[in-house]
Amino acid sequence: MTTKQFPKNFLWGGATAANQLEGAYNVDGKGLSVQDVTPKGGFGPIAEVPTEDNLKLVGIDFYNRYKEDIKLLAEMGYKVFRLSIAWSRIFPKGDEEEPNEAGLQFYDDVFDELAKYNIEPLVTLSHYETPLHLAREYNGWANRKLIEFYERYTRTVFERYKNKVKYWLTFNEVNSVLHLPFMSGGIKTDPKELSKQDLYQAVHHELVASALATKVGHEINPDFKIGCMVLAMPAYAMTSNPLDVLAARQFENQNYLFSDIHVRGKYPNYIKRFFKENNIEIQFAPGDKELLAEHTVDFVSFSYYMSVAQAHNPEEYLSGKGNILGGITNPYLEASEWGWQIDPVGLRLVLNDFYDRYQIPLFIVENGLGAKDVLVDGPDGPTVEDDYRIDYLQKHLEQVYEAIEDGVEVMGYTSWGCIDLVSASTAELSKRYGYIYVDRNDDGRGTLNRYRKKSFYWYKEVIESNGASLLKK
Ligand code: BGP
């Protein structure tokens with residue numbers, strides 16, 4: 001009998017974003033990003049200047065401790081590490097002609113450190129980190145000028161790291177701009193006043209910029225693998241009432257729009273109807289249509305934390321909390337301490353749905369459980385007995401395996417926040433996802449020391465056995 005395991009060369013690893021772990025927000029020439037003025041997270045108020053209560057200003061001090069951290073990731077056997085480049089380290093304001101050398105040097109050092117351990121970087125070019133100046137002066141992606149600035153930035157980093165980085169993602173959770181225009185798209189207009197026309201025009205700018213980056217990247221190095229990244233959230237019909245099924249389908253289409261354009265290179269018909277009914281008319285500049293059509297992505301990546309239910313009459317049900325977008329509470333599922341409903345089978349469904357739709361490789365670049373951890377004494381020093389996290393990850397990975405058995409091509413899996421970091425939605429440190437505990441609290445205090453949790457050893461075994469340890473039952 002052969003042992004069950006994951007495909008050869010499966011990319012096991014973890015995921016992070018610059019603004020949530022680096023700290024050093026104003027060091028070595030870095031400019032401010034939208035994150036430096038959102039001390040309470042994506043849904044919180046926007047401050048005029050960085051304030052001390054913003055945990056992201058220090059993060060977990062990865063900027064100074066990356067060597068120690070990468071060593072720990074290597075100890076777990078990581079094949080891949082997802083990180084983002086902070087755009088405002090490279091172009092502090094975003095609209096300069098020349099990049100900031102110190103910022104470029106920092107990522108050279110990080111990539112070199114990863115290379116020492118044969119860990120492939122997977123780089124997000126824009127992870128909720130639009131330079132603040134671009135938000136204030138241009139209203140972020142609502143302005144077509146951003147395409148030009150993003151092109152300059154991506155060209156700069158593609159050139160610089162062309163021999164160090166192979167895997168790239170253009171925009172983190174590109175669909176989230178519909179729900180969080182400031183954090184995701186640097187659009188400072190109050191969401192209540194932002195017209196659908198302006199919002200979808202901003203979406204168009206990002207989609208064109210993504211295609212342009214894909215073009216430029218492939219020209220610079222034809223071996224680059226460039227993917228889109230979407231927030232995936234399957235929607236179940238609350239009942240078998242066809243109207244509920246339709247509501248669920250329409251909710252999913254709002255997300256599919258982004259991957260459809262990235263993969264198929266054109267706007268799908270279902271959105272044309274939505275545009276017509278909402279008086280939206282997307283302005284295409286000459287060349288946009290061709291760019292979208294000719295520079296589609298090499299793979300689709302996505303985050304997956306939870307599913308939701310939808311109904312045609314949602315007001316009659318309990319509404320649930322969710323990762324940026326949400327829906328109705330599904331009575332069949334349990335939820336995390338933050339109300340995100342836990343649904344491993346949903347991950348198998350997402351993988352199958354994407355693959356049926358596109359037949360190109362998929363990459364799960366975020367998944368995990370945000371939970372409050374308690375540090376206890378262990379035989380080798382402080383640790384966390386995070387069986388709840390192991391249980392979550394084990395069940396999700398079992399479903400990834402099932403999807404692979406279903407015939408889905410999965411490149412890899414990077415669980416979110418592999419080392420504890422600051423939450424995107426709430427800016428808390430107590431919402432922890434990591435295999436590595438970082439001693440820092442919501443009040444900003446702590447030694448910043450790192451400790452291996454129980455899940456650290458569990459994941460190490462998963463990677464070492466190429467998933468066999470998950471599947472031995
Ligand atoms: C995604 C983001 C990440 C991340 C994660 C977990 O939406 O891409 O940046 O933080 O969700 O969310 P949170 O940090 O809000 O728990």
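Search the stretch 396-436 for residues being farther than 28 Å from residue 66 by Cα and either of a type in the set (A, V, I, L, M) or within 11 Å of the ligand (Cβ to nearest atom) (or both), and hand back the single one that is surrounded by the most Cβ atoms within 10 Å (Cβ to Cβ).
400
Could you list all residues from the stretch 82-105 that are closer than 30 Å to residue 458 by Cβ and either among the basic types (Lys, Arg) or in contact with a Leu (Cβ under 6 Å, 6 or more places away or on another chain) (or both)?
Of everything in the stretch 82-105, just one residue is closer than 30 Å to residue 458 by Cβ and either among the basic types (Lys, Arg) or in contact with a Leu (Cβ under 6 Å, 6 or more places away or on another chain) (or both), namely 82.
Just to verify a result, which residue in the stretch 130-156, among those that are within 23 Å of residue 298 (Cα to Cα) and not aromatic (Phe, Trp, Tyr), is nearest to the ligand (Cβ to nearest atom)?
Among those residues, the one meeting the criterion is 154.
Determine if the stretch 35-57 includes at least one residue that is closer than 26 Å to residue 226 by Cβ, out of contact with any His (no Cβ under 8 Å at 6 or more places or on another chain), of a type outside the set (D, E, K, R) and buried (at least 21 other Cβ atoms within 10 Å of the Cβ).
Keep residues of the stretch 35-57 that are closer than 26 Å to residue 226 by Cβ, which gives 35, 42.
Narrowing further to those that are out of contact with any His (no Cβ under 8 Å at 6 or more places or on another chain): 35, 42.
Applying the additional criterion that residues be of a type outside the set (D, E, K, R) yields 35, 42.
Add one more test, that the residue is buried (at least 21 other Cβ atoms within 10 Å of the Cβ), and what stays is 35.
Checked the stretch 35-57: at least one residue is closer than 26 Å to residue 226 by Cβ, out of contact with any His (no Cβ under 8 Å at 6 or more places or on another chain), of a type outside the set (D, E, K, R) and buried (at least 21 other Cβ atoms within 10 Å of the Cβ).
Tell me, please, whether a residue that is under 19 Å from residue 129 (Cβ atoms) and charged (D, E, K, R) can be found in the stretch 27-34.
Yes: the stretch 27-34 contains one or more residues that are under 19 Å from residue 129 (Cβ atoms) and charged (D, E, K, R).
For the stretch 157-202, how many residues are assigned to a helix (DSSP H, G or I), among the β-branched types (Val, Ile, Thr) and either without any contact (Cβ under 8 Å) to a residue 60 or more places away in the chain or within 16 Å of the ligand (Cβ to nearest atom) (or both)?
2
Which numbered condition in (1) away from the ligand (no atom under 16 Å from the Cβ); (2) outside any strand (DSSP E or B); (3) touching a residue at least 60 places away in the same chain (Cβ under 8 Å) is the only one that residue 391 fails?
For residue 391, the failing item is (3).
Anything in the stretch 329-354 that is in contact with a helix residue (DSSP H, G or I) (Cβ under 8 Å, 6 or more places away or on another chain) and more than 16 Å from the ligand (Cβ to nearest atom)? List them, or say none.
Result: 344, 345, 348, 351, 352, 354.
What are the residues in the stretch 77-91 that are touching a residue at least 60 places away in the same chain (Cβ under 8 Å) and crowded, with 22+ Cβ neighbours inside 10 Å, if any?
78, 80, 81, 82, 83, 84, 85, 86, 87, 89, 90, 91 - these are the residues of the stretch 77-91 that are touching a residue at least 60 places away in the same chain (Cβ under 8 Å) and crowded, with 22+ Cβ neighbours inside 10 Å.
Might you check whether a residue that is part of a helix (DSSP H, G or I), more than 14 Å from residue 20 (Cβ to Cβ) and in contact with a strand residue (DSSP E or B) (Cβ under 8 Å, 6 or more places away or on another chain) occurs anywhere in the stretch 85-95?
Yes, the conditions are met somewhere in the stretch 85-95.
Checking the structure you have, find out if any residue of the stretch 448-470 is of a type outside the set (Phe, Trp, Tyr), under 28 Å from residue 358 (Cα atoms), in contact (Cβ under 8 Å) with a residue 60 or more places away in the chain and in a loop (DSSP other than H, G, I, E, B).
yes
Would the stretch 353-367 turn up any residue that is exposed (fewer than 15 other Cβ atoms within 10 Å of the Cβ) and more than 29 Å from residue 167 (Cβ to Cβ)?
Checked against the condition, which is being exposed (fewer than 15 other Cβ atoms within 10 Å of the Cβ) and more than 29 Å from residue 167 (Cβ to Cβ), the stretch 353-367 yields no hits at all.
Quick one: what pairs do we get from the stretch 1-27, first residue free of Cβ contacts under 8 Å to residues at least 40 places away in the same chain, second buried (at least 18 other Cβ atoms within 10 Å of the Cβ), C-beta under 6 Å, 6+ apart or different chains?
From the stretch 1-27, the pairs are 25/36; 25/57.
Considering only the stretch 311-328, I want to know if a residue exists there that is within 16 Å of the ligand (Cβ to nearest atom) and closer than 23 Å to residue 471 by Cα.
no
It is to be established whether one or more residues within the stretch 119-134 are assigned to a helix (DSSP H, G or I) and out of contact with any Lys or Arg (no Cβ under 9 Å at 6 or more places or on another chain).
no
Given the options 233, 238, 229, name the one that is more than 28 Å from residue 411 (Cα to Cα) and crowded, with 22+ Cβ neighbours inside 10 Å.
None of the others qualify; the one that does is 238.
Is there a residue in the stretch 273-295 that is assigned to a loop (DSSP other than H, G, I, E, B), surrounded by 17 or more Cβ atoms within 10 Å (Cβ to Cβ), in contact with a Lys or Arg (Cβ under 6 Å, 6 or more places away or on another chain) and of a type in the set (A, V, I, L, M, F, W, C)?
The answer is yes; a qualifying residue exists.
Taken together, the values in this text are just the output of simple stated rules run on the coordinates, not laboratory data. Everything numeric here is computed off the predicted structure, so don't read it as measured data. Backbone-built Cβ (ideal geometry, glycine too); neighbour counts: all protein chains shown.
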